[in-house]
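Reading through the C-alpha cells given below for one structure.
The values are calculated or read from the model by the stated rules, or taken from the named source; none is laboratory data. Keep in mind that this is a model prediction, so the values were computed, not measured. A quick note on method: Cβ atoms are made from the backbone with ideal geometry, for glycine too, and the neighbour counts reach across all protein chains shown. With ligands, DNA and RNA removed, areas are computed over all heavy atoms of the protein, side chains included. Shrake-Rupley method; radii C 1.70, N 1.55, O 1.52, S 1.80 Å.
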Amino acid sequence: QRSDDHPAQNGQNLRSPICCIMGHVDTGKTKLLDCIRGTNVQEGEAGGITQQIGATYFPAENIRERTMELKADAKLNVPGLLVIDTPGHESFTNLRSRGSGLCDIAILVVDIMHGLEPQTIESLNLLKMRNTDFIVALNKVDRLNGWKTCRNAPIRKAMNQQTKNVQDQFNGKLNQIRGQFMEQGLNTELYYKNKSMGETFSIVPTSAIRTLNFVASSHMLVIVANSGEGIPDLLLLLVQWAQRTMVKRLTYSNEVQCTVLEVKVVEGHGTTIDVVLVNGVLREGDQVVVCGLQGTYLHHKEIKAAQGIKITAQGLEHTIAGTSLYVVGPRDDLENIKEAAMEDMKSVMTRIDKS
Ligand code: GDP
C-alpha cells in the first residue's frame, strides 16, 4: 500500500478494464486483434493507441471516435481499454490454476462456420471457473455465401446491406450456435437484442479478414485492409459493459497490483520481465520484489494502471510468470514482502504441479 494519494482521473476514478481474447485456434483471434488495433494506424494516425509489451492500450478518446457511428453520445468513464495480446502467454496457464484472473472481461471468438470447438469449450470452462464475464465475437461472417463487405461498419448497418439469403444463412448459423451454447448451460443472444446482459451472454458478429480493395485510377491501386464489420460494436460493448457492471472492481486503488506476464532475455538488457500493472502506480526508483528477487526499474518516472510494462533489472532470471510483483513502500518491511512473494510463488507452483 502506498502512503501517497493519486489524484482522480475522472469522476468515478476508474482504471482501464483489462480484456483478453480467447477461443479455438484459427477462429481469428490474431486477425481480430489486428483489426481492433489497425483501423486508425492504416490512416497514418495511431489515435493514441500504444502497442505495449504483450498488450495494446486504447485510450477512451480513440474508442469514442471509432464508435461514433454507433452511438455518438457514448459516455466513457474509463481512461481506456487494455487488451492482452497473446493468450498463449505462459502466465495464462499459471493463471488457470489461480483463483484470481488477470482479465476483467474477455472476448470469446467463435468461427461462425465451425461453431463451438474443443478449445472454445476449454476457454468457456476457464471463464466460468474464474467467473469472468465475456462477450462472444461470432467471427468470419464474411464467409456467408454472398456477403457484401462494409468496411468497419457497425454490424446492424452491415447486416442491412445483405441480401435476404445472406441474412437467412446468418440466422440459421446463429441459432445453431446459440443451441450449442445452451448445451453448455449458457444463454446467449445477439447483443442488440439482449435485454438481460449478465444472465444472457452477448454475441457480436464480426469479420476480421484482410481484403484486397481494387481502386481504379490511371494505375490500378490495391489497398489491403481488414474488413472490420462489427468491430465498433465489440469495442463499445466491452467498455460500456465493463464500466457499468464492474465499478467496484475497476475503482482505482493505490495498492499496486501487478502480474508477471513473461520472463524474457532481451539483448542489451539481460533478463527482463513483462508485467501487467493492474492497479496502482509504479514510479521511478521504486524498489520491487518478484518472487523474493529484488530490483529497480528505469525509463518511466511513473506509470498508472492498467498498462503493460517491460521491466529490466538485475536478478530477474528466476521470476515465474503468473506470480505477483510487489512494491516496497517506505514503511514496509522488505523481509515481510519477500515472504509474501515466496508464498505467492509456492501457491502458483503447487497449482502447476497439480494441473
Ligand atoms: P487464431 O489462431 O485464432 O489467432 O486465428 P488467426 O487470426 O491466425 O486466423 C486464422 C485464419 O483465419 C487465417 O487464415 C485468417 O486469415 C482467417 N481469418 C481470420 N479472421 C477471419 C474472418 O473474419 N473471415 C475470414 N474469412 N477469415 C478469417
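Among residues other than Val141 with Cβ under 14 Å from its Cβ, the summed charge is +3 (Lys and Arg +1, Asp and Glu -1). What FRET efficiency would be calculated for the residue pair Val25, Asn254, taking the C-beta separation as r and a Förster radius of 45 Å, to the nearest 0.05? In this case the efficiency is close to 0.65.
Net charge in the neighbourhood of Glu339 (other residues with Cβ under 15 Å of its Cβ; Lys, Arg +1, Asp, Glu -1) is -3.
Using the Cβ-Cβ distance between Arg244 and Asn336 with R0 set to 41 Å, the FRET efficiency works out to roughly 0.60.
Residues whose amide H lies under 5 Å from that of Gly80, counting only those 5 or more places away or on a different chain, are Ser16, Ala60; hydrogens are built 1.01 Å from N in the peptide plane.
Using the Cβ-Cβ distance between Lys164 and Asp73 with R0 = 41 Å, the FRET efficiency computed as 1/(1 + (r/R0)^6) comes to roughly 0.80. If the chain linking Glu343 and Met113 were pulled fully straight, counting 0.36 nm for each residue of separation and taking away their Cα-Cα distance, it would gain 78.2 nm. Taking all protein chains as shown and a probe of 1.4 angstrom, Arg130 keeps an accessible surface of around 20 Å².
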